[in-house]
Number of protein chains: 2
Amino acid sequence: MIQRRLVLILSVFAAAGLGLSADEGMWTFDNVPRALIKQKYAFDITDQWLDRVRLASVRVGNGGSGSFVSPDGLLFTNQHVGRGQVSKLSTAEKNLVRDGFYAATRDEELRCPDLELNVLVSYEDVTGRVQGAVKPGSSDKEAADQRRAEMAVIEKACATATGLKCEVITLYSGGEYWLYRNKKYTDVRLVFAPEEQIAYFGGDYDNFTYPRWNFDITFFRAYENGVPAKTEHHLTWSANGAAEGELVFVPGYPGSTARLLTVAQLEYHRDLGNPLQKQVWTLRAEALARYAKLGAEQDRRSSSGRLGLSNSLKRLVGQQDGLSNPRIFKKKEDDEAALRTRIAANPEWQKAYAPAFDQVAAAYAELPKYAKRLAFSNLTASGLAGMASTFVRLADEWPKPSAQRLPEFADARLEGLRFSLQSTAPIYLDLEEAQLTAWLDDVRSALGQDDPFVTAALGGQTPATLVKVVFAATKLHDVATRKALYEGGAAAIKASDDPLIALARRVEPVIRELRTWQETHVQSVETAAGTKIAQARFAVYGKTAYPDANFNLRLEYGTVLGYEEDTTLVPYKTTFHGLYERAAAFSEKPPFNLPARWRDGKSKLDLSIPYNFVYTADTIGGNSGSPVINRAGEICGINFDSNLQKLPNRYLFIDDAEGSRAVGVHSAGIIEGLAKLYGAEALVKELTGK
Amino acid sequence: MIQRRLVLILSVFAAAGLGLSADEGMWTFDNVPRALIKQKYAFDITDQWLDRVRLASVRVGNGGSGSFVSPDGLLFTNQHVGRGQVSKLSTAEKNLVRDGFYAATRDEELRCPDLELNVLVSYEDVTGRVQGAVKPGSSDKEAADQRRAEMAVIEKACATATGLKCEVITLYSGGEYWLYRNKKYTDVRLVFAPEEQIAYFGGDYDNFTYPRWNFDITFFRAYENGVPAKTEHHLTWSANGAAEGELVFVPGYPGSTARLLTVAQLEYHRDLGNPLQKQVWTLRAEALARYAKLGAEQDRRSSSGRLGLSNSLKRLVGQQDGLSNPRIFKKKEDDEAALRTRIAANPEWQKAYAPAFDQVAAAYAELPKYAKRLAFSNLTASGLAGMASTFVRLADEWPKPSAQRLPEFADARLEGLRFSLQSTAPIYLDLEEAQLTAWLDDVRSALGQDDPFVTAALGGQTPATLVKVVFAATKLHDVATRKALYEGGAAAIKASDDPLIALARRVEPVIRELRTWQETHVQSVETAAGTKIAQARFAVYGKTAYPDANFNLRLEYGTVLGYEEDTTLVPYKTTFHGLYERAAAFSEKPPFNLPARWRDGKSKLDLSIPYNFVYTADTIGGNSGSPVINRAGEICGINFDSNLQKLPNRYLFIDDAEGSRAVGVHSAGIIEGLAKLYGAEALVKELTGK
């Protein structure tokens, strides 16, 4: 458990169920609280301002944020967002994650094997069309299928008409549906990455803490047609960065909040969902740790995976600590009770919305029976085995009309799927084999010998024996094999006798059955009920709230501000002085060691320049790499973390007064480091013009 | 409230009532746990080692520690221990507290007006004599008087025979009595003091926190017969200071623990004693704050008093937080229950010891009736009025035989009393007047118009009117007046018509009556019962425990060691880098500003040198200024504070594993600062020989 005091300050607003206090909210661009910001900060947000910020904001891969920072496609994000690509560009001989990388000229930039960038170029409310597709008298499952079919139709029509990547996204638990049109970049090249040790200085110990001293930045460049993309809409560099007290904005792609869930749903996550997730991630982390111990090269190969899991685990523990805190849970109960009281006061609302809470509760009451099987019945612990499952599923779905497929296989999504399945990123068979063996061992322990998934996977063999044979013969790690499978379509996949495909084929009926059960008995019920509850909230409070985060574009805002902790003050910024103090205090023992460039280059730096800093914006995982910008839309820094106080904010907003803060690298420190330590003159000139 | 998590780790030892775990204990030099230290640290503490350390350890004034660090009387302590003297040596024109002081030659050293040093040269167990003086059949009060008389006799005989300052001290709540023979120095001169802003960098915010960056050191020199004292027994300077993991010792004069109190006593302190103390100190602090706002000179005159009170208040709040923590209190209850169970198992013990607990409880049940009057019925808020009270009391006591006087007026104590009453330290009448006026206002509010003390003091006038008249005419601030009064003896004091003496004379009967009530109904009972309980502890556990601290010499030990806080590591040391970072992060706004010497001198320092550090020794207030020494008895640093985790240790030992740490200035940082910033070459040479 992350042992950290959390004092709840129950604002009148929050207690009244309005849920808005301090600098709260992950706002969609159609519903930015302009009046509130104008009132509090005397700043008018114009449409032009919003458009410019939106068009410069980039979704990086599937779980990160970034921004364009030059007219020539230069993209700015975190090292820990770009780490996966940097790792894929590395080899045993040339470890770019460890040693860093800088392309002084464009010719030296390295093309990433499978990085996709997306920019939200336009959006449209399609709630009426999606909801209108549901035929009267449909069951929840039928309604879900009808909505999904309509969404696929909308996406395909959009893609055909615009050539853009079109996605219909669900907001407010089904209260709204929006068509998002994205411009996509798939030729993305690495420009700069620091040594991981300085990006992640302090390692897992310091992760999610503050004060911090991390150079967690990376630059890529988007290309189109073999030349740098023209990114007219980009952010410029602030001359001085942000001062304490200054208003800042954080546009980006926050990942996943659960603030609108009902108490029944939260109870499930608290008592079973989160503990199961923790168990799964812990087992995977342990497997990778064992593999990493085999040698330096194994350590390198597994490092991205290990860091990702330790980050996820620490965040999950912090979130679960919040949810397990009786005072926090009481607040969620009070919020729901207040909403239900308001609903009950209006007979029409009562009739329309009140049953939804019980329906969700009833559905979630069934979930524990299947939860463990749902968590363990998959092959995704190995990326390659996960690809095999995707191929098998694709073969089942492809022959259906697009609108009837599982949503991730709808026509509008196939191009992205092809891109990922044909990635040229290196695949280390020994690592995949170790992961899959360990996972099947763990699944067998968790579910038992006679579990349908275990039986289907192992057929009586031990995981080690089975996986060894499979990996001795599979060719799936070969890009050409995967390309042929994809291009051969469903028939080719079905005809494949690759042993990894065969394994995936054996377990697929079990996975499919569990998924169907969950979609029918839980997901469709919670979507239907969630829609009702969202409508109830709109009816009671108006559209004054923001939807739960779901990896789509949002705008957050806040103040650059230190805070109180225990009896003293935590400053809003750190400097390079502190980096050298912390390294020295631990005698530079890992994870407090310095790359040689930083250790030897100390005298080149102005040590009193701002390095990391904190602000009150309501960020969460997925906001990693978000630019931190001022009123002029200039870059003051880059978001890379939150402090521990903030972690429970998956479930509710944690007030600024509790010391909840987002953590960024300061723009001044970035330029100082790039210029003085990396000699990255061309990059600095492209950013600042100087 | 100081909001800080405290996780109690109940060690098996502690739960069993043995009270010994980790690096626990403030040990008298006759009972150092040598076997335990040898077992844990493989270090043999010899008699010679103990003698050398004891004879180099110095009690500084009434509430601090220090050590001799050269053969020529050089004394090393904290700035905040020496601050009072430095303040007394300052004037409006020459503010040594603010600006610091360094005497490059002995001629420049400044003689302190009233600083007394004591060194414990020998000690002897006199428990038999003191307890033997109690006649069978005596009441608790009679027994207390008989013991006190015997103690006075022992002290006087010792003083006569040795010429030393002799004190009989009470240990283990009356379980033991020891005669301590002290060598006293009263000609003490200031050698070095830093600017207060660097000694107390971070002010009240950072006080009792860690990491820290404070240059909290001061040097004095003891003189005898007008020349530097020959201090053969002194400590030498360590070449490198302490490394992490190293065993260190902290000899010194810890002030006041209450670990052996019964649950009934602790309940009283928790529910009434501590809140009353907090009220009194808060009122005094508020009065000083109002005075300080009148101008820069008033700010200077009151600064020592204000800092002392804010330090006391923050410590008290931390202690009270611990006592109010149900888990901590439960531990105290469990400890007492375990002891009582052991006592009950032996019929002889049960008869002899068991009633003591109820007797204490019964006495403390009476205390709340008088507690408020006891806390408020005094004039000590003004030092000068306090002196008046002392004179009046002295006049009453002096005519009695020494053994029958109040203990502080026994013959053996008169020389110390004379020294303090004839101090040449400046007395600021406006400050004294402001303090006394505010205090009498506060007393009247707290006790009411008709309270005997209030009536006696004010006689119907307002505090402002009365005090104004008193201070217009008093001559007590004049040293010659006080000298004449003292030398004139009881008759001269009784004949004095000084209005401040007259005021003290009016309230003295009320104070005396309250004191007598407390001594009769509470103090003598708790001493008698405390003796029984101490004897019970010896019977049950053996003499494996240390007595509560009482400003007499103790030895503490521990390990230089960082700790865990939240999810990360707090390093065992800080460096100068961090000082400059913290100052810069707050834009050098007070209390994070730097003296010009430090701001401008940054480039002269090796910023990576250790500055402050932490260790596990069981210190408490009074250990301020204690040397931190290694096995060789060399100075590795100087103790100046504890972190917040440690504060509840007034009431019980807080395990090292909870992050409880003592905080010191590192020996390497001291030399670096003295040499590079202060040009204190002579001082550095005297310390290090280089």
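The values are calculated or read from the model by the stated rules, or taken from the named source; none is laboratory data. Everything quoted here is computed from the prediction, not taken from an experiment. Glycine also receives a Cβ, built like all others from the backbone with ideal geometry; neighbour counts cover every protein chain displayed. Ligands, DNA and RNA are stripped out before the accessible areas are found, and what is left, the full protein with its side chains, is counted by its heavy atoms. Shrake-Rupley method; radii C 1.70, N 1.55, O 1.52, S 1.80 Å.
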With label points built 7 Å along Cα→Cβ from the Cα atoms of B:A157 and A:K543, find their separation and express it in nm.
9.6 nm
Measure of exposure for A:S324: accessible area at 1.4 Å probe, Å² rounded to 10, is 60 Å²
Determine the relative contact order of chain B: mean sequence separation of Cα pairs under 8 Å and six or more apart, normalised by residue count, in whole percent.
26 percent
Where Rh denotes the Kirkwood radius from the mean inverse Cα pair distance, what is Rg over Rh for the stretch B:517-600?
1.28
Counting residues in the stretch A:424-567 as N, plug N into 2.2 N^0.38 Å and put the Cα Rg over that result.
1.61
Accessible surface of the protein assembly as shown [probe 1.4 Å, protein heavy atoms]: carbon and sulfur percent:
53 percent
Inter-part distance where the stretch A:343-394 and the stretch B:498-518 are each reduced to a Cα centre, Å:
78 Å
Using the Karplus curve 6.51 cos²θ - 1.76 cosθ + 1.60 with θ = phi - 60°, work out ³J(HN,Hα) for each residue of the stretch A:132-137 in order, rounded to whole Hz, and write x for Gly and Pro.
x, 6, 7, 7, x, x
Whole-Hz ³J(HN,Hα) for each residue in the stretch B:480-497, computed from phi via Karplus 6.51 cos²θ - 1.76 cosθ + 1.60 with θ = phi - 60°, x for glycine and proline: what do you get?
4, 4, 5, 5, 5, 4, 5, 6, x, x, 4, 4, 4, 5, 5, 7, 5, 10
Tell me, what is the percent relative contact order of the stretch B:27-170, built from C-alpha pairs under 8 Å that lie six or more residues apart?
16 percent
Enumerate the whole-percent occupancy of each 10 Å bin, from 0 to the last occupied one, for all C-alpha pair distances of the stretch A:296-409.
10, 18, 27, 25, 16, 3, 1
With a ≥ b ≥ c from the Cα gyration tensor eigenvalues, square-rooted, and the rule rounded for a/c under 1.5, otherwise prolate when a/b > b/c and oblate otherwise, the stretch A:592-690 is prolate
Shape of the stretch B:378-477, Cα gyration tensor, a/c cut at 1.5:
oblate
Let me cross-check B:S626: its accessible surface, 1.4 Å probe, with only protein heavy atoms counted, in Å² to the nearest 10?
0 Å²
Averaged over A:199-210, how many beta carbons belonging to a partner chain fall within 10 Å of each residue's beta carbon?
2
I'd like to check one number: the per residue accessible area of the protein assembly as shown, probe 1.4 Å, reported in Å² as a whole number.
37 Å²
Go through A:S667, A:S608 and list them by solvent-accessible area, largest first, probe radius 1.4 Å.
A:S608, A:S667
Can you give the Rg to Rh ratio for the stretch A:153-205, taking only C-alpha atoms and Rh from Kirkwood?
1.28
Report the net charge of residues surrounding B:A385, where surrounding means a beta-carbon distance below 11 angstrom and charges are Lys +1, Arg +1, Asp -1, Glu -1.
-2
Low-density loop positions, GluC sites (Glu not before Pro), the stretch A:33-137 - DSSP coil, at most 11 other Cβ in 10 Å
A:E93
For the stretch B:203-350, just say rounded, prolate or oblate: build the C-alpha gyration tensor, square-root its eigenvalues into a ≥ b ≥ c, call rounded for a/c under 1.5, and beyond that prolate if a/b exceeds b/c, oblate if not.
oblate
Just for the Cα atoms in the protein assembly as shown, what are the lengths along the principal axes, largest first, rounded to whole Å?
117, 65, 65
I'd like the distance between the alpha-carbon centres of the stretch A:397-416 and the stretch A:114-156, rounded to an integer number of Å.
13 Å
Computed on alpha carbon atoms, what radius of gyration and Dmax characterise the stretch A:462-521, expressed in Å?
14.0, 40
What percent does the relative contact order of the stretch B:446-547 come to when contacts are Cα pairs within less than 8 Å and at least six residues apart?
25 percent
Extension length gain for B:D606 and B:K351 (0.36 nm per residue less Cα distance), in nm, is 85.2 nm
Give the A-B buried accessible area in Å², both sides summed, 1.4 Å probe, nearest 100.
2900 Å²
Can you work out the FRET efficiency for the pair A:N325 and B:Y41, with r the C-beta to C-beta distance and R0 = 45 Å, to the nearest 0.05?
0.65
B:D358 to B:S312: FRET efficiency via 1/(1 + (r/R0)^6), r the Cβ-Cβ distance, R0 51 Å, to the nearest 0.05?
0.95
With +1 at each Lys and Arg Cβ and -1 at each Asp and Glu Cβ, the charge dipole magnitude of chain B around its Cα centre, to the nearest 20 debye, comes out at 400 debye
For chain B, what does the helix formula give at 222 nm: sum of -39500 (n - 2.57) over DSSP H segments with n ≥ 4, over the residue count, nearest 500 deg cm²/dmol?
-15000 deg cm²/dmol
Go through A:D140, B:D23, A:D442, B:D47 and list them by solvent-accessible area, largest first, probe radius 1.4 Å.
B:D47, A:D140, A:D442, B:D23
Kirkwood Rh over alpha-carbon pairs of the stretch B:122-215 plugged into Stokes-Einstein at 10 °C, 1.306 mPa s gives a D in µm²/s of 94 µm²/s
Kindly provide the Kirkwood hydrodynamic radius of chain A in Å, to one decimal, from all pairs of distinct alpha carbon atoms.
26.3 Å
Between B:R111 and A:K690, Cβ-based FRET efficiency (R0 56 Å, step 0.05) works out to 0.40
How big is D for the stretch A:407-452, in µm² s⁻¹ as a whole number, if Stokes-Einstein is applied with the Kirkwood radius of its Cα pairs at 4 °C and 1.567 mPa s?
96 µm²/s
Which value, in nm² and rounded to one decimal, describes the direction-averaged projected area of the C-alpha convex hull of the stretch A:163-279?
12.8 nm²
Averaging over every viewing direction, what projected area does the convex hull of the Cα atoms of the stretch A:25-83 cover, in nm²?
5.3 nm²
Name every cysteine in chain B that ends up alone, with no second cysteine's Cβ under 4.7 Å, or say none.
B:C112, B:C636
